[in-house]
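Written out below as structure tokens is the structure these notes cover.
Nothing in this text is a laboratory measurement; each read-out follows from the coordinates by a stated rule. Values in this document were obtained by computation on a predicted structure and should not be read as measured data. Glycine also receives a Cβ, built like all others from the backbone with ideal geometry; neighbour counts cover every protein chain displayed.
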Amino acid sequence: MERGVDDTASYLTPSGGDTWAQATRAAGGHGSQKLRGATRVTPPDWVADALGVPIAGTVVARRRTMYLGDHPVELTDSFYPLEIADHTALEHPNRIPGGAVTLLAHLGYVADHADEAVDLAGHPTKAEAALLEIKPNTRVVRIRRVVKTAAGAPFEATEIVMIPTGRTLHHRVVVEP
């Protein structure tokens, strides 16, 4: 399997292109992604809590599958408060020129920081295993990321389920005095 290198900070900065494809190309591989859908949904409890929306409320979910070569290696589901995503390209099941990060920046939502919870020993749900083409008892890495503005306002919650084989995650930690 091809190798992939992920730099968390690069996914939070407008790049004008496909950050996943750029990162995998830089690591000597070939990456692509497929949008599985963009719909209004009732958020999972952790998303509702992270974004400050009612549990029975509505958010917009964009769901993608990331590929290394021809192999699915990651599921990335991003959730946005309806007041941000309503009547924007985030709601449509098409690629967004420059990506969602660029669109959000144009809407005034620029990432200042993100909080991540990483489960290194998780297992996929049956649906996740099917999409990743793995056995249900295969170990996966599950990352839950909440992106916030400089004022601390959350505007995106993302759950990433990835096959760890052949992957390297890079996290940039900025320490302020």
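What shape does the stretch 114-162 have by the C-alpha gyration tensor, where a ≥ b ≥ c are the square roots of the eigenvalues, rounded means a/c under 1.5, and otherwise prolate means a/b greater than b/c and oblate the rest?
The shape class here is prolate.
Report the full-extension gain for the segment ALA89 to ASP45: residue separation times 0.36 nm, less the Cα-Cα distance, to one decimal in nm.
Gain on stretching ALA89 to ASP45: 13.4 nm.
Given axes a ≥ b ≥ c from the Cα gyration tensor, I'd like to know whether the stretch 35-118 is rounded (a/c under 1.5), prolate (a/b larger than b/c) or oblate.
Rounded, because the longest to shortest axis ratio a/c is under 1.5.
Can you give me the distance in nm between label points at LEU35 and VAL118, each placed 7 Å from the Cα along the Cα-to-Cβ direction?
About 2.9 nm separates the two model spin labels.
How do 134-140, 97-103 rank on mean C-beta neighbours within 10 Å, highest first?
In decreasing order of mean packing, 134-140, 97-103 become 97-103, 134-140.
Compute the Cα gyration tensor for the stretch 89-177, then decide on rounded, prolate or oblate, letting a ≥ b ≥ c be the square roots of its eigenvalues: rounded whenever a/c is under 1.5, prolate when a/b is larger than b/c in the other cases, and oblate in all that remain.
Oblate shape, in that a/c is at least 1.5 and b/c is the bigger or equal ratio.
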